[in-house]
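Taking it in order: structure first as C-alpha cells, then the write-up.
No value in this document is a laboratory result; all are computed from the given coordinates. This structure is a prediction, so every number in the text was calculated from the model and none was measured. Note that each Cβ is placed from the backbone with ideal geometry, even for glycine, and that neighbours are counted across all protein chains shown.
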Amino acid sequence: MASQEANKIAGAVLMAGLIAMASGFIARSLVRPVELKELAFAVEKPDAPAAGSQAAAVPAEVPPIAPLLARADLAAGEASAKKCAACHTFDKGGPNRVGPNLWDVVGRKPGAQAGFAFSKPMAAVAENWDYERLNKYLANPKTAIPGNKMAFAGIPKPEERAALIAWLRSKADAPKPMP
Ligand code: HEC
C-alpha cells in the first residue's frame, strides 16, 4: 500500500516535470523573442563640444587661412606681432633672440635660419613655410610641430592669425604672392 502511494507521488512529480517541459516548449514556440539589432531608442552622443568650452577654443582642425588673408588688416597684424617681440626680431638682418629672426620667413625652410640652434623637430620639417603651415603653427605651436621649442600658447582667433601672417609676409624685400 505504501509503495503504491510512493508510485503515485513519483508519477505526480514526473507528470509535473513533463507538463513544465511541455509548457516551456509551447511558450517558446508561441512567443519568439526577437533579437534587436539596434537599441530601440538611440542614446545621443555629444560629438561637438558645447560652445564656449575649453576644447572649442582650440579646434583640432585649423580652418584654411587663405580666405581671410585677402582682407587681413596689416596694422592689426603689426600690433599682434608685439606678442612675438620678446623672442623674435622682424627687421632685415635683425638678431636672433630666444627665437630666430623672422625677416622673410614666408617661403623659407623651417629651422634653417643661420646662427640659430633649432630643435630637431623644427629642423626636420621638410616643406617650406607657406601660409597654411604658418597658420597651423601659430594656431597651436605645440601640436603643429610636436617637440618644437617655441614656448608660445598660440593665437586662437583666425582673424588675428590672418592679420599677423599678412604682416609677416610684408616683412620681406619681395613679399611672396598671396595664396
Ligand atoms: C617665448 C619665446 C617665443 C615667442 C613669444 C614666440 N616665439 Fe616663435 N619661436 C621661438 C623659438 C624658440 C623658436 C624655435 C623653435 C624650434 O627650434 O623648435 C621659434 C620659431 C618660430 C618660427 C619658425 C622660424 C623658422 O625659421 O623656421 C616662426 C615662424 C615663429 N617662431 C613665429 C612666431 C610668431 C609669429 C610669434 C608671435 C605670435 C612667435 N613666434 C612667438 C620662440 C618664441
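Structure summary
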| read-out | value |
| --- | --- |
| Under Karplus coefficients 6.51, -1.76 and 1.60, residue-wise ³J(HN,Hα) of segment 144-152 in Hz, glycine/proline x | 5, 10, x, x, 6, 9, 7, 8, 9 |
| Ranked by how many other beta carbons lie within 10 Å on average, peptides 163-169, 126-132, 7-13 from highest | 163-169, 126-132, 7-13 |
| Shape of segment 65-170, Cα gyration tensor, a/c cut at 1.5 | prolate |
| Neighbourhood net charge (11 Å Cβ-Cβ; Lys/Arg +1, Asp/Glu -1) for W129 | +2 |
| From phi via Karplus (6.51, -1.76, 1.60), per-residue ³J(HN,Hα) for segment 90-101 in Hz, x at Gly/Pro | 10, 7, 4, x, x, x, 6, 10, 4, x, x, 4 |
| Links that overshoot a 22 Å alpha carbon limit, given the list K109/K136; K83/K157; K92/K142; K82/K109 | K92/K142; K82/K109 |
| Neighbour net charge for V62 - beta-carbon separation under 9 angstrom, K R +1, D E -1 | 0 |
